[in-house]
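Derivation of every value follows stated rules applied to the coordinates shown; laboratory data play no part. Please read all numbers here as calculations on a predicted model, not as lab measurements. Cβ sites come from the backbone with ideal geometry, for glycine too, and all protein chains shown count toward neighbours.
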Amino acid sequence: MSKSNTKKTKKTKIRVTALGLILKEDLIFLSQGYDQVKHQTFYRALGGGVKFGESSIDALQREFKEEINAELTNINYLGCLENIFVYNGEKGHEIIQLYQCDFVDPKFYEIDELTFEEKERKKTALWLNIEDCKMGKLLVLPEDFLTLLK
């Protein structure tokens, strides 16, 4: 087989991500997303891709700093999830390293929602009721990630 036949394209690459679950009493801090093809709002923990040579915990801290200028503490590994999905009509595949953590700065626990930019798009992160998420009133992705919550 030639090298050109084994080369991976963006659509066939598995992405490694690090996501952080942050709790406040009966609330969880999640980012809101929207799938334009499915016309569907969903919620997901904040975080992002792990760069080559970077640990997932370092990626988690870097992503929170880049996205919302937040530092994290009490970072505890919850587990690994595999997520195969379709977003905006394109198939994706990711391995998620999931952490439970806290904000260092208490101001993040006092806000209801926060607007930030990611890849030149405005996004919103907000505190949502955990029971609403667990009962399916709000779509949280990947669907089984709340099962790792301690």
Could you tell me which numbered condition I57 fails, if it satisfies all but one of (1) within 15 Å of P142 (Cα to Cα); (2) in contact (Cβ under 8 Å) with a residue 24 or more places away in the chain? (1)
Residues E54, E63: which one is touching a Gly at 6+ places or on another chain (Cβ under 8 Å) and not in a strand (DSSP E or B)? E63
For the range 93-122, enumerate the residues that are touching a helix residue (DSSP H, G or I) at 6+ places or on another chain (Cβ under 9 Å) and among the β-branched types (V, I, T). I96
State the number of residues belonging to the range 47-69 that are surrounded by 13 or more Cβ atoms within 10 Å (Cβ to Cβ) and over 14 Å from the mean Cα position of the chain (by Cα). 2
Of everything in the range 15-31 that's within 24 Å of E90 (Cβ to Cβ) and over 10 Å from the mean Cα position of the chain (by Cα), which residue is surrounded by the most Cβ atoms within 10 Å (Cβ to Cβ)? V16
